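Here the structure is laid out as C-alpha cells; the discussion comes afterwards.
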Amino acid sequence: MSVPPPIEKMEPGLRELALAVHNRIEQLGPNLARNVKWGHAVLSGHKDIFAVMAAGKGTNAHVNLQVFHGASVSDPMRLLDGTGKSMRHIKFHSMPDLDRDGIDEVISAAIMLDREG
C-alpha cells in the first residue's frame, strides 16, 4: 500500500505510527476510499469515517485518529475521547497503543455504522 501524502510528510516516528493506524483501518475496511481533506489522510465509506493526523509537539506528540461519528459508536473499553456533538478521537503515543483491547472493535463499529446509513 502506498503512503498517503499527509502521512508521508510527518516526522519519522509519527509517520510509522500513523501509517500503522491507517493500515489497520484499511485491513478492517478494505473497500474504504482514501482521500486527503483538510490536509489529513481521510478514509470514507458513504461518508467520511476516519481522519489520521499528527498532533502535539515534543513529548506530547501523538497520532490522533478522528472518528467522525464516534459519539454513535459502541465503545465498551472507553477508548474514544471527546465531548462534541458527534466527533470522537483516539490518541496513539506508541505502537503498543494500536494493540489495546477494543481498538479493532471501535474501528469496525464505525465502519458498520457508515454502512448502515
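So the values come out like this:
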item	result
Hey, L65 part of a helix (DSSP H, G or I), at pLDDT 95 or above and hydrophobic (A, V, I, L, M, F, W, C) or not	no
Residue in the stretch 83-97 that is crowded, with 19+ Cβ neighbours inside 10 Å, closer than 21 Å to E11 by Cα and hydrophobic (A, V, I, L, M, F, W, C) present	yes
Residue match in the stretch 52-73 (condition: over 13 Å from the mean Cα position of the chain (by Cα) and buried (at least 18 other Cβ atoms within 10 Å of the Cβ))	yes
Some residue of the stretch 32-50 being under 13 Å from the mean Cα position of the chain (by Cα) and free of Cβ contacts under 8 Å to residues at least 12 places away in the same chain	yes
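The values are calculated or read from the model by the stated rules, or taken from the named source; none is laboratory data. No experiment lies behind these values; they were computed from the predicted model shown. Positions of Cβ are generated from backbone atoms using ideal geometry, with glycine treated the same way; all protein chains shown enter the neighbour counts.
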